[in-house]
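Have a look at the structure below before the remarks.
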Amino acid sequence: MRVRRILATFATLFVVAGLIAGPVSPAAASSKTVKIAAAGDLVCSGPPNKGADPTSHDRRYIRGFCQYGKVANLVAKGGYDRFLTLGDLQYYFGRYRDFQRWYDPTYGRVMRITMPSPGNHESYTVDAKGNPYAGYRKYFGSRAHWKNRLGGSYSYNLGAWHIVSLNSQWCWSYTSVFKGGRWHTVPAWGSGSPWGCHKGDPMYDWFVRDLKQHQQDCTLVYFHHPSYFGVGNGWPGGAGSLLHGVYSHTRTLYRALYRQGGDVVLNGHEHYYQRTVPINPLGKRDNAHGFTEFIVGTGGDTLQPLPPVSKLPNELAAASNRAFGILSMTLKPDGYSFRFVPVQGSPGRWVYSSRRGYKIFKNGSGTGYVDAGSGTCHGAP
């Protein structure tokens, strides 16, 4: 049985030194190397911004947000084979006209390589029959994979890797939609529903079957809501906690992935970058069989606060809320290498504005280093 090796160096907010090593045994069905990009939490419902704009009347632009145009350029010019979206692609309601007006001129340029996965914001707009994800489904068409009755989940192969896209919004018992000027609650799973993240639910059962069919492959799974991210004092879960109970619904997906020897999980939703050490479904370090989780909610919409470095748990290998950007990964026959690629003007810095009464994100100079490293695939426990 193979054991994971992680060789990582990283900078910005959090640094961990060390080497986790073990024997490597390739299990590749293909020798092809594939280059992918990934990011979530992408496009504002307004024009792309380049940095803090004190003359604006929009709080997002004053604070230096909505830099999605710069992030989209990284994808378009990076020579990637595939672009994996990690949910919340078009704010705020995921309406079709907003996808056309804002998403399409930027990220729409890489539609040919885009393999979408939705978030919660796409679910807020319904069609004439009251079904959510109306704008997402109409904009992405067949790429949304909605006809498979699995909430838009699907899988595919890239080189030696098996890739699975899931809709983690279906892990909740409901979703909220905005119609007629007010919010409505729509059941998301239960008796007769075409989705769900529990045993007996079609999406979950399909996911388990799909993983078993590809157990010998390197495996990457991506969906919007992470169960695991760093929190500190005053945050749900308490200081040093890696598990955020609000999104614990997705833990069933992590358990299924772990049992079948999965290697990588990509998430968004939290508007910053984080990478864990190899962890098990309880969020604890597992060097032999654990998966590595990346949160890449840095696609250009906004950035959000992080706890002080001293309050982050040991299971986090890297964390940064000082740069918009993408995760670049090279998928190899027996493993992968990765690098967080920040936009021009990174890393930035958070500066308190006495005029505004809150912190403003100011760009730096150049393209700063955030995180990079590599890992190998492994077998099931």
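The values are calculated or read from the model by the stated rules, or taken from the named source; none is laboratory data. For clarity, every value in this text was computed on a predicted model and none was experimentally measured. For neighbour counting, all protein chains shown are included, and Cβ atoms are generated from backbone atoms with ideal geometry for every residue, glycine included. Keep in mind that these areas ignore ligands, DNA and RNA; they rest on the heavy atoms of the full protein, side chains included. Shrake-Rupley method; radii C 1.70, N 1.55, O 1.52, S 1.80 Å.
Is it true that some residue in region 75-84 is in a helix (DSSP H, G or I) and either crowded, with 18+ Cβ neighbours inside 10 Å or acidic (D, E) (or both)? Yes, the conditions are met somewhere in region 75-84. The condition of being of a type outside the set (A, V, I, L, M) and touching a helix residue (DSSP H, G or I) at 6+ places or on another chain (Cβ under 6 Å) holds for only one of H249, H271, H289, that being H249. Looking only at region 310-347, residues that are open to solvent by 10 Å² or more (accessible area, probe 1.4 Å), modelled with pLDDT of 95 or more and in contact with a helix residue (DSSP H, G or I) (Cβ under 9 Å, 6 or more places away or on another chain) come to 2 in all.
In this structure, G366 does not satisfy being more than 16 Å from A39 (Cβ to Cβ) and in contact (Cβ under 8 Å) with a residue 24 or more places away in the chain.
When you check C171 against the structure, is it under 20 Å from L89 (Cα atoms), surrounded by 20 or more Cβ atoms within 10 Å (Cβ to Cβ) and modelled with pLDDT under 90, yes or no? Steps first, answer last, please.
Details: under 20 Å from L89 (Cα atoms): yes; surrounded by 20 or more Cβ atoms within 10 Å (Cβ to Cβ): yes; modelled with pLDDT under 90: yes.
Criteria met by C171.
For region 123-139, the set of residues classified as open to solvent by less than 10 Å² (accessible area, probe 1.4 Å) and modelled with pLDDT of 95 or more consists of G135, Y136, listed by residue number.
Please count how many residues of region 140-160 are among the charged types (D, E, K, R) and crowded, with 23+ Cβ neighbours inside 10 Å. Talk me through it step by step, then tell me what you get.
Going through region 140-160, the residues among the charged types (D, E, K, R) turn out to be 143, 147, 149.
Filter once more, so that each one left must be crowded, with 23+ Cβ neighbours inside 10 Å: none.
Residues that pass the stated criteria total 0.
How about region 197-228: which of its residues are surrounded by fewer than 23 Cβ atoms within 10 Å (Cβ to Cβ) and of a type in the set (S, T, N, Q)? Matches in region 197-228: Q213, Q215, Q216. Looking only at residues of region 350-366 that are in a loop (DSSP other than H, G, I, E, B) and of a type outside the set (K, R), we find that the one that is nearest to R59 (Cα to Cα) is G357. Could you say whether any residue in region 345-355 is farther than 26 Å from F291 by Cβ, within 21 Å of the chain's Cα centre (by Cα) and of a type outside the set (G, A, S)? Looking through region 345-355, at least one residue is farther than 26 Å from F291 by Cβ, within 21 Å of the chain's Cα centre (by Cα) and of a type outside the set (G, A, S).
Residue under question is V351, and the condition is that it be more than 23 Å from T55 (Cα to Cα) and among the β-branched types (V, I, T); does it hold? Reasoning before the result, please.
Numbers: more than 23 Å from T55 (Cα to Cα): no; among the β-branched types (V, I, T): yes.
No, not satisfied.
In this structure, does R60 turn out to be in a helix (DSSP H, G or I) and buried (at least 17 other Cβ atoms within 10 Å of the Cβ)? Yes: the conditions hold for R60.
Beta carbons closer than 6 Å, at least 6 apart along the sequence or on distinct chains, pair a first residue in region 129-158 that is over 20 Å from D104 (Cβ atoms) with a second that is in a helix (DSSP H, G or I) and open to solvent by less than 60 Å² (accessible area, probe 1.4 Å) for P132/S123; L150/M203; L150/W206; G151/W170; G151/M203; S153/M203; S155/D210.
Just a yes or no: is a residue in region 316-326 of a type in the set (K, R) and either without any contact (Cβ under 8 Å) to a residue 60 or more places away in the chain or outside any loop (DSSP other than H, G, I, E, B) (or both)? Quick ask: steps written out before the conclusion?
So the first thing to find is which residues in region 316-326 are of a type in the set (K, R), and the list is 322.
Subset that is either without any contact (Cβ under 8 Å) to a residue 60 or more places away in the chain or outside any loop (DSSP other than H, G, I, E, B) (or both): none.
No; the residues of region 316-326 include none that is of a type in the set (K, R) and either without any contact (Cβ under 8 Å) to a residue 60 or more places away in the chain or outside any loop (DSSP other than H, G, I, E, B) (or both).
Which is of a type in the set (G, A, S), outside any loop (DSSP other than H, G, I, E, B) and more than 22 Å from K138 (Cβ to Cβ), of A72, A52, A37?
On the way: A72 fails: more than 22 Å from K138 (Cβ to Cβ); A52 fails: outside any loop (DSSP other than H, G, I, E, B).
Sole residue among the options that is of a type in the set (G, A, S), outside any loop (DSSP other than H, G, I, E, B) and more than 22 Å from K138 (Cβ to Cβ): A37.
Count of region 90-120 residues, restricted to those that are open to solvent by less than 20 Å² (accessible area, probe 1.4 Å), farther than 24 Å from K332 by Cα and free of Cβ contacts under 8 Å to residues at least 60 places away in the same chain, is 5.
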